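Asks: Take this structure, written in C-alpha cells, and hold onto it; I'll ask about it next.
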C-alpha cells in the first residue's frame with residue numbers, strides 16, 4: 001500500500017472547507033431572509049396592537065350611542081325628540097280626500113319653507129304643481145329630507161350642505177321643467193309664476 005501524497009489530503013480538506021463555506025453562506029442568506037420576514041411580522045403586530053388599542057372601549061361607545069338613540073325615540077332623553085318621518089305617501093292609491101290631505105301638507109311646506117327660503121331655485125315652480133304627479137312625488141321626498149335634516153336636534157351639517165348645494169338645485173330644476181310648459185300654467189319671461197293658477 002502506498003500513502004497518498006501529503007498535498008492530496010490538504011486539497012480534500014480545502015474542498016471540504018469550501019463546501020462548508022458555501023453551506024454557511026446559504027444559511028447566512030436564509031437567516032437574513034428570516035430576519036426580514038420577522039421584521040415585517042413585528043411591524044404587522046405593532047399595527048394590530050395599535051388597532052386593538054383604538055378599538056378598546058368601542059363596545060361601550062356603541063352601547064352609549066344606542067342608549068342615546070333609544071332615549072330620543074322614547075322621548076326620555078333631555079334633548080328634543082328626533083323628527084320621525086311621515087308615513088310614505090302612496091300617491092297612486094289615494095282617494096280624493098286622502099290626496100287632498102297629502103297635497104295640503106306639501107302646500108304648507110312649499111309656502112312656509114320652499115318658496116320663502118330657496119329664492120331663485122323655488123321661483124320657477126308653477127302653481128299648478130299639485131296637478132303633476134312628478135312634482136308631488138319630488139316635493140314629497142324633498143320635504144321629508146328637509147325635515148329629517150332640519151327638525152332633528154343633532155345637526156348634520158355636511159348633509160345639510162349637500163341638500164342645499166347638490167340635491168335641492170337638481171330637484172328644483174326637475175320641478176321647474178315639469179311645471180314650466182304646463183297647459184294650465186305658463187311661466188312668464190320674468191320667471192315668476194302667474195297668480196291664481198292653482199287647480
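Asks: Based on other C-beta atoms within 10 Å, arrange 127, 95 from fewest to most.
Replies: Working: 127 19, 95 7.
Going from least to most buried by this count: 95, 127.
Asks: Specify whether the C-alpha gyration tensor of segment 91-180 places it in the rounded, prolate or oblate class, a ≥ b ≥ c being the square roots of the eigenvalues: rounded for a/c under 1.5, otherwise prolate if a/b is larger than b/c and oblate if not.
Replies: It comes out oblate by the Cα gyration axes.
Asks: Would you calculate the separation in nanometres between label points at residue 96 and residue 52, each defined as 7 Å from the Cα along the Cα-to-beta-carbon direction?
Replies: With each label placed 7 Å out from Cα toward Cβ, I get 7.2 nm.
Asks: Taking the Cβ of each residue in 34, 148 as the centre, tally the other Cβ atoms inside 10 Å and list the residues starting with the fewest. Let's see the in-between values first.
Replies: Numbers: 34 10, 148 16.
Ordered by Cβ neighbours within 10 Å, fewest first: 34, 148.
Asks: If you don't mind, there's one more thing I want to ask. Once a ≥ b ≥ c are taken as the square roots of the eigenvalues of the Cα gyration tensor of segment 13-56, is the result rounded (a/c under 1.5), prolate (a/b larger than b/c) or oblate (a/b not larger than b/c)? List each step's numbers first, then the result.
Replies: Working: a/c = 11.39, a/b = 8.69, b/c = 1.31.
Taking the square roots of the gyration eigenvalues as a ≥ b ≥ c, segment 13-56 is prolate.
Asks: Order the peptides 12-24, 154-166 from the highest to the lowest mean number of other Cβ atoms within 10 Å of their residues. Mind dumping the intermediate values first?
Replies: Details: 12-24: 10.1, 154-166: 11.6.
Final packing ranking: 154-166, 12-24.
Asks: Right, next: Quick check on the exposure proxy: order 147, 40 from fewest to most C-beta atoms within 10 angstrom. Numbers along the way, then the final one.
Replies: Numbers: 147 16, 40 10.
Least to most surrounded, the residues fall as 40, 147.
Just so you know, all these numbers are worked out from the coordinates, no wet-lab data involved. These figures come from a predicted structure and were not determined experimentally. With ideal geometry, Cβ positions are generated from the backbone for all residues, glycine too; neighbour counts draw on all protein chains shown.
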